[in-house]
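I have placed the structure first, in the form of structure tokens, so that the comments after it can refer back to it.
Values quoted throughout were computed directly from the atomic coordinates according to the rules given, and no laboratory measurement underlies them. For clarity, every value in this text was computed on a predicted model and none was experimentally measured. In this analysis, Cβ positions are derived from the backbone assuming ideal geometry, glycine residues included, and neighbour counts consider all displayed protein chains.
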Amino acid sequence: MEINSDRTLDVNASKGIEEGEYNAGKSLLGNKNATGSSAFILVGFAEAHKFHSLIFAVLMSLYILTIMTNMLIVLVIKSDPIFNSPMYFFLMNLACLEACYMTVIIPKLLENLMVETTFISYIGCALQMFFFLFFGVAESFLMATMAIDRYVAICHPLRYRTIMSKNVCLVMVAGPYLCGTAVGLIHTIVTFSGKFCSSVINHFFCEVQPLVELLCGDTFLNEILIMGVAIFPISVPLSLIIPSYIGIISTICGLPSSENKYKAFSTCSSHLIVVILFYVTCSATYLKPKSSYSPSLDKMLSFSYSIVTPLLNPIIYSVRNKEIKGAVQKLWRKMMLQ
């Protein structure tokens, strides 16, 4: 289907895009078939184009703050021998994932806001989808790994160092990255092997659901496959996290003193808060049929788990972890004295 012959579909999908911007997109894409075109148009926050400068400033601030806080956690853990334990090894990997996860989206979004061009190349869109899923799925499984680590530490403290050996930790970190690669490839190949009837993506990045919306013909099989693949990185980690926390809570309740109970719970409460934030928003986005897709709601949910959560996670861990707070203060005093 040619883009010029399907003008109505594009106009509806790109409602809120400025006329000049849309015409520029048509000029770039010409009369090519959408699947063979050189670029997609990202609607982004076009309905709020008057506030693009404000949105740019807010996102830039959030991005810088997120990168700084996550990298600070990595620096603190690497610089102090007190953090030479599996828990902090996993936390350091989570901080790196959060920084990469956000970097896949924000720079391109900031570019679009700054120069008022909303184009992303076909290859660029496929790569953005792959890496977004890669880092997101890896983070999902890493959270399960961290839950297992907390379970062993609290329920089997005397055997903790033996069970969570260096080799075991490396395998438990490599697993999430392999799962991320598999899910990212499947989603990207399935989505981009179809034929797109429009080049206008009603989102601020190349998210799965908005792209499925653009596929021509009956997309039922695509939806089933995509939902099936989406269930895997949500249900499998949760099937590990939930039993781990049931065991943790049972063990904590059986501790003799309130002080021991508080200390044990404080070591895993931060992780539990992060898990709830991440899985609630991801489930609301991916575990639903195409018919219930709402661009405005999905943008808000995507903003939550792709921008807000990576910022909140290091803050939650830092505020609720005495060792990290102490190490940050120590590092700050050292820098001030230099």
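For the reader, a short list of remarks on this structure follows.
- Look at the Cα gyration tensor of the range 4-337: its axes a ≥ b ≥ c give a/c of at least 1.5 with a/b over b/c, and that counts as prolate.
- Full-extension gain in nm, VAL115 to ILE64, via 0.36 nm per residue minus C-alpha separation: 16.4 nm
- Filter on LYS78/LYS330; LYS166/LYS263; LYS263/LYS325; LYS78/LYS322 - keep pairs with C-alpha separation over 19 Å: LYS166/LYS263
- Taking a ≥ b ≥ c as the square roots of the Cα gyration tensor eigenvalues, the range 210-255 comes out prolate, since a/c reaches at least 1.5 and a/b is larger than b/c.
- Highest mean packing first, where packing is the average number of other Cβ atoms within 10 Å per residue, the peptides 202-210, 257-265 line up as 202-210, 257-265.
- Extension reserve of the LEU331-SER250 stretch, reckoned as 0.36 nm per residue once the Cα distance is removed: 25.5 nm
- Label-point gap, in nm, between VAL171 and LYS263 - each point 7 angstrom along Cα→Cβ: 3.1
- Here the extension length gained between ASP218 and SER294 equals 25.5 nm, from 0.36 nm per residue of separation less the Cα-Cα distance.
- Cβ-based net charge around GLU207, under 11 Å, with every Lys or Arg adding one and every Asp or Glu removing one: -1
- Packing rank of 304-313, 76-85, 128-137, where each peptide gets the mean count of other beta carbons within 10 Å, highest leading: 128-137, 304-313, 76-85
- Ranked packing of 87-100, 44-57, most packed first, by mean Cβ within 10 Å: 87-100, 44-57
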